[in-house]
Structure formats: structure tokens, C-alpha cells
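One structure is given here, and the rest of the page talks about it.
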DNA sequence: CAAAAGAAAGTAATTGATTGCTTTCTAGTG
DNA sequence: CACTAGAAAGCAATCAATTACTTTCTTTTG
């Protein structure tokens, strides 16, 4: 059979591993993911995995870095190029939910990492990404306030918490039901309530 | 020393264990909690723990049951006896956050359990509690709508998701910063934005 | 009402399974 | 030929659970 395809470049193996871990996190508890299970997912022996990662902690760090980059990169960038800051905030919200729907393992991975109280590398990566992401939200809210799109007396910090909470609420809700489709369908409706909470109540 | 207190009733040991696990979950990852660590926390040998619990899974089920009871019992009850349904919703929110602040292990435990995709007993207990709790929120929103306290066109299901998300957002935020005090301080401010999002926008 | 009997609660040691990681050796690749 | 990628086996550590046995509390009975 030609399906035996050994001797794949280490770089490729690394990205394949990250992709596999994200996928596996969508199916089972990240905390119970063994190196054997990860290796099996990419058709590799358990020991050979350590030819591409010095240890498991570094592997997780790579995975965390991928998630962090999606968050602070592609997703945060969807806020750009809109007619108004609030429209950007809306687009970013929906892009974030869309990302979660297509990668259910991502939020599970993040929640799992945040459980660890020690200052592991992967946890730091996730935390930094969240800080940057939060900053982006706050920035959008501030400019929206300056543009008169939101209440002048709005507590932007609290609004950022609620914004993130809305996404986390949808993610957890999907985690409970095991159904991602309903979360995606509920997303714009939840977003509308949030926007109603921060908008100028005039007219 | 008289601190040696052997031969304690199994009932007492069980409740002591549940209490200890909740406390330990506030300090470390629930997934890494070994039976040895739990036993040590209540001054017991690892093997003796199985005199009071048939296995670890049942132990977790007991802990989950305690959290579920707090949620659907004491916390949900704080909504009663208020001048208006919205005032009840507000009180319940703050009581919930207060509970999380005093028991940081509770949300971590719940998030940890929800990670497990298999239908474990502990997971079912948590899921049922959340369903009941969600129902209580929906009920309060409906009566508030009937009383004209919230918009008549409000999507109550989406509002319930956002309500829970707000709490989860605060919990995760506290998990990241490691500081519960700031979450408690931010709670009423987040709540105000949520309430602004569902309230009748008149006057 | 004491003493024997038994149930309940405890310890220390051990079990088998699983974990992350290392070692040894083999086989393809540039 | 040197180097990288891989399999296969083995390593020490850790885990939940069980074992064999001891100690304390409770209950029955002569």
C-alpha cells in the first residue's frame, strides 16, 4: 500500500500535530489527552512524537500559540474596515463565534489551560492573547463612545467583560448541549441584547 | 496532641471530603486532584478514602451534587420575595457571584466536569442543575416581561444565555487574574449593562 | 451490666494499568 | 555517508483501587 508515508518533515509533523490536538480537544477532555493518543491521530508511534517536540509541555505551548494567533490575528482583524466601530465590534463577535463553531476544541483547550494555577508557558500564551484581545475590545468601545455610538457614561471595562462573557456563555452552552449549531444560531440574538445594553438609549 | 481525631463517622467523612475537594479545586486543577491529595487534606490515608466512597467517580458525583444543590437551592431562592421580578433577577445574580467568590473551586469544578464528553454521573448532575437554573432565569424574565419591566420583544432565551455568560465571564476573568475581589467589584457594573440591554428603553 | 461478638473505620503495603519520556536500533533522504 | 525520521521496547513515576490486618465503636446476650 502507498498509504504508508513515513519520513515526513519535522515542520510538517509539528503543524499536523497542532491541528490534530485541536481536533481531538473537540472530542475529548484536553486534560486526558495522552501523547500516545496524539501520536496515533497522526499515524505515528508514541516515541517518535518526541522527535518533533522536546516534551509534552512544549507541544501544548505550540497548540496554545496557534489558538492565540487566531484570536489576536485573524479574528481581531475582522473589526477593521467597517463603517463604524460598533459594526466592527459586531463583525468581530460573529467571527469569534464562527471560529469556535469550526474549532470546538479551541475554547475547551483555553478553559483547560486556565484551570492550571501554575505559571506554565501555555497558560501564559493564552493569558497574553486574552489581554491583547480585551484591549482590542476596549479600544473599539472607546472609539465607539467618541463617535457617539454608545452611551457616554458606559463602563467600558465592564462592557468588555460582558462581551467576552457572552462568547464564553455561548461556548459553554454549546459544551453542555454538545451542539454547536444552536450556539451559532443564538449568537446574533445574544449580540443584539449586548449591543442594546451599551447603545445610546435616545430617539 | 489531641489533633489526632480518628474513627469519624462515614457521613461526616463524606461531607468533610466534599468540602475539602471544593476548597482544593480553588487552589489547583481539578483534573490533577489525586485521591492521595484529597485524603491528605482530611487527614486520612489514601486507602481509607474508599471506606467512604466506592470509587473516585462517585466521590466526584457527591461533590457535583453539592454544587448543584447550592445553585438550584440557596442561590435560586434569593430571587424570591422581591418587589419586582427584575429585582429578584438582580439579587440572584449578585448572590451567584458572591457564591463564586466564596467558593472559587465551584466554577472550576463545573468547567472541569463539562470538559468530559462522556456521560459521567457528575456531568449529568451539573447539566441538570444548569437546566433548572436556566429555567428559573427564563421564568423571571417572562414574568418581568408580563409586568412591563423588560422589552416586550425581548428574546428571553438569548437573554438567559447572556445572563449566564455574564457570570461565566466574571468567573473566567477571575480565573485569569487569580483575583476574586476584582470580579466581585465588577459584578454590579456588568449586571447594569445586562439590565440596560433587556429593559424597556422608554422615558 | 459487663463481656463477647460484630460492624465500622483505620493503616500500610501492594496491585495492575497508564503516564511522559528515553534508549536502542533501523531505514529512508539529501 | 551523514542526518533525519521512525519503530519498538523499556524506564521510573504516578494513579486508583485492593489487600491483609489492626483498632475503635456499637450492639447483643448470659
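FYI, it's all coordinate maths here, none of it is from the lab. The shown structure was predicted, so the numbers you read here are calculated from the model rather than taken from an experiment. In this analysis, Cβ positions are derived from the backbone assuming ideal geometry, glycine residues included, and neighbour counts consider all displayed protein chains.
At a glance:
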| item | result |
| --- | --- |
| Degrees between helix A:56-69 axis and first principal axis of chain A (Cα, 0 to 90, nearest 10) | 30 |
| Label spacing, shortest first and in nm, from residue B:51 to its equivalents in the remaining copies (7 angstrom along Cα→Cβ) | 5.3 |
| Per-residue mean of C-beta atoms belonging to partner chains within 10 Å, peptide A:18-28 | 1 |
| Degrees, to the nearest 10: B:180-198 long Cα axis against longest axis of chain B | 30 |
| Relative intensity, log₁₀ I(q)/I(0), of region B:55-198 from a Debye sum that treats every alpha carbon as a point, q = 0.13, 0.19 Å⁻¹ | -0.58, -1.16 |
| For region A:129-203, alpha-carbon Rg and Dmax in angstrom | 13.8, 41 |
| For residue A:12, label point 7 Å along C-beta direction: distances to other copies, nm | 6.6 |
| Other-copy label distances relative to residue A:23, 7 angstrom Cα-Cβ extension, nm | 4.5 |
| Value of [θ]222 nm, deg cm²/dmol, for chain B, DSSP H segments ≥ 4, -39500 (n - 2.57) each, nearest 500 | -22000 deg cm²/dmol |
| Rel. contact order, % - alpha carbon contacts under 8 angstrom, at least six apart, chain A | 21 |
| D_trans [Stokes-Einstein, Kirkwood Rh over alpha-carbon pairs] for region B:1-57, 37 °C, 0.692 mPa s, µm² s⁻¹ | 279 |
| Euclidean distance between Cα centres, region A:116-163 to region B:120-164, Å | 26 |
| Potential lengthening between residue B:147 and residue B:200 on full extension [0.36 nm per residue; Cα-Cα distance subtracted] | 18.0 nm |
| Peptide-level mean, for A:166-179, of C-beta atoms on other protein chains within 10 Å | 5 |
| For the protein assembly as shown, projected area of the alpha-carbon convex hull averaged over all directions, nm² | 24.4 |
| Mean Cβ neighbour count within 10 Å, used as a protection proxy, ranking B:65-78, B:157-170 highest first | B:157-170, B:65-78 |
| Computed over region A:1-96, the ratio Rg/Rh where both radii use C-alpha atoms and Rh is Kirkwood | 1.13 |
| 10 Å Cβ neighbours from other chains, averaged over peptide B:82-93 | 0 |
| Pairwise FRET efficiency - residue B:40 versus residue B:74, Cβ, R0 = 25 Å, nearest 0.05 | 0.25 |
